[in-house]
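Contents: one structure, followed by commentary.
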Amino acid sequence: MAVNISQSAGLDQSSSLSRWANATGITATEDDIFVSCPMLTGFGYGIWRLDHNLENVKVIMDDVHGCCGQLDIQTEGENLLVAENTKFQVGFYDRDGKRLNGWGKRSRNDDEGFGSCCNPMNVRCCSNGDILTAESSIGHIKRFHQAGEYLGFIGTAKIAGGCKHVAIGFDPKRDWHYMMNEDRSHVAVLVPKKDAPAESEAVTGSPEQAAQMIESSSSKWQAIQARDGKLDFVTLNEGVQGFGATVEFMKDDTAKFVFFYGVPSSPIGGSFVFKRIALEACGQDCKAACADGNSEKGKPTILVH
């Protein structure tokens, strides 16, 4: 069975409706179904309540704010949980949209606070009533009591930066936590440390080469893996991964960069060859300093002093 919410609510079937009314979350209790979607005017979101026959549609909240098209809702008993990501809070509401409780704060320095741009992005209620929160960009999962008491840091899922849906789940039998990673179209699984597989040996390239690449850039870089004679790096900004590059060291003073965002297998743009030269070698004709066959045909060479 399917129902058009806008028809049930008597709304105009216009092009603006099809453009704006995209559900960002859906959840249910024993008596109700709740759906969140953008309002027809302004930039806020509304939360709609329906019965199990998908009838008696009612907007119970009409001025909820969400970041980057994200507004997650869940239920606990008969009440509604809202991931109020622009407020850095979790909100508790009754079935009529009346606020019962709320907690959370913005902080990059303590475990209890929510960091990055706008968080928590997603929430999940455990069978015992505890609340799990998921933070986009930084991949943090934390556990709270319903009253807001901080119960502990679960772990960090490895995901790319940016505001996005990071739905989470929990398997109490195995004590496994799950987070959706849209960038790689997969699910990150966090297991207890005692059950985690042994870590592989650290893979490193030449320390001199790694130091050279990090020192020659204004960004903070972190090597993530070595493969086939190449090194994969990612940029870090307050611990959040951003753009990365696959680096192939062609000579001691020359490296080829292929940039990516998210995963090395999805490059963006072309490749660039960086050649380190002495400052005195660069005069009016810089091209002569790198005209030694290192550059690929049709690819630019960038001199780094």
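Summary of values
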quantity	calculated
Residue count for the range 235-272, restricted to those that are in a strand (DSSP E or B), farther than 25 Å from His140 by Cβ and at pLDDT 65 or above	18
Residue in the range 105-119 that is in a strand (DSSP E or B) and closer than 30 Å to Gln225 by Cβ present	yes
Members of the range 171-197 that are modelled with pLDDT of 90 or more, farther than 17 Å from Ser136 by Cα and outside any loop (DSSP other than H, G, I, E, B)	Asp171, Trp176
Output for the range 29-66, where each listed residue is within 25 Å of the chain's Cα centre (by Cα) and crowded, with 18+ Cβ neighbours inside 10 Å	Phe34, Val35, Ser36, Cys37, Pro38, Tyr45, Gly46, Ile47, Val64, Gly66
One residue from Gly44, Gly97, Gly66 being closer than 19 Å to Val166 by Cα and among the small types (Gly, Ala, Ser)	Gly66
Breaking point among (1) closer than 19 Å to Pro38 by Cβ; (2) touching a residue at least 40 places away in the same chain (Cβ under 8 Å); (3) part of a loop (DSSP other than H, G, I, E, B), for Arg95	(1)
Criterion (outside any strand (DSSP E or B), surrounded by 14 or more Cβ atoms within 10 Å (Cβ to Cβ), among the β-branched types (Val, Ile, Thr) and assigned by TED's automatic domain parsing to the domain that holds Asp94) met by exactly one of Ile159, Ile154	Ile159
From Phe114, Phe88, residue being out of contact with any Pro (no Cβ under 6 Å at 6 or more places or on another chain) and surrounded by 15 or more Cβ atoms within 10 Å (Cβ to Cβ)	Phe88
Any pair with Cβ under 6 angstrom, 6 or more apart, that starts in the range 215-234 at a residue that is modelled with pLDDT under 75 and ends at one that is among the aliphatic types (A, V, I, L, M)	Ser216/Val304; Lys220/Leu236; Trp221/Ile214
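Residue-wise test of (1) in contact with a helix residue (DSSP H, G or I) (Cβ under 8 Å, 6 or more places away or on another chain); (2) over 17 Å from Thr29 (Cβ atoms); (3) assigned by TED's automatic domain parsing to the domain that holds Asn181; (4) at pLDDT below 95.
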{"site": "Cys67", "(1), (2), (3), (4)": "no, yes, yes, yes"}
{"site": "Tyr93", "(1), (2), (3), (4)": "no, no, yes, no"}
{"site": "Gly97", "(1), (2), (3), (4)": "no, no, yes, no"}
{"site": "Arg108", "(1), (2), (3), (4)": "no, yes, yes, yes"}
{"site": "Gly115", "(1), (2), (3), (4)": "no, yes, yes, yes"}
{"site": "Cys118", "(1), (2), (3), (4)": "no, yes, yes, yes"}
{"site": "Leu132", "(1), (2), (3), (4)": "no, yes, yes, no"}
{"site": "Gly139", "(1), (2), (3), (4)": "no, yes, yes, yes"}
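Residues checked against (1) among the hydroxyl-bearing types (Ser, Thr, Tyr); (2) at negative phi; (3) in contact (Cβ under 8 Å) with a residue 40 or more places away in the chain; (4) not in a strand (DSSP E or B):
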residue: Ile47; (1), (2), (3), (4): no, yes, yes, no
residue: Leu50; (1), (2), (3), (4): no, yes, yes, no
residue: Glu55; (1), (2), (3), (4): no, yes, yes, yes
residue: Ile60; (1), (2), (3), (4): no, yes, no, no
residue: Lys87; (1), (2), (3), (4): no, yes, no, yes
residue: Val90; (1), (2), (3), (4): no, yes, yes, no
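The values are calculated or read from the model by the stated rules, or taken from the named source; none is laboratory data. Since this is a predicted model, take the numbers as computed values, not measurements. For neighbour counting, all protein chains shown are included, and Cβ atoms are generated from backbone atoms with ideal geometry for every residue, glycine included.
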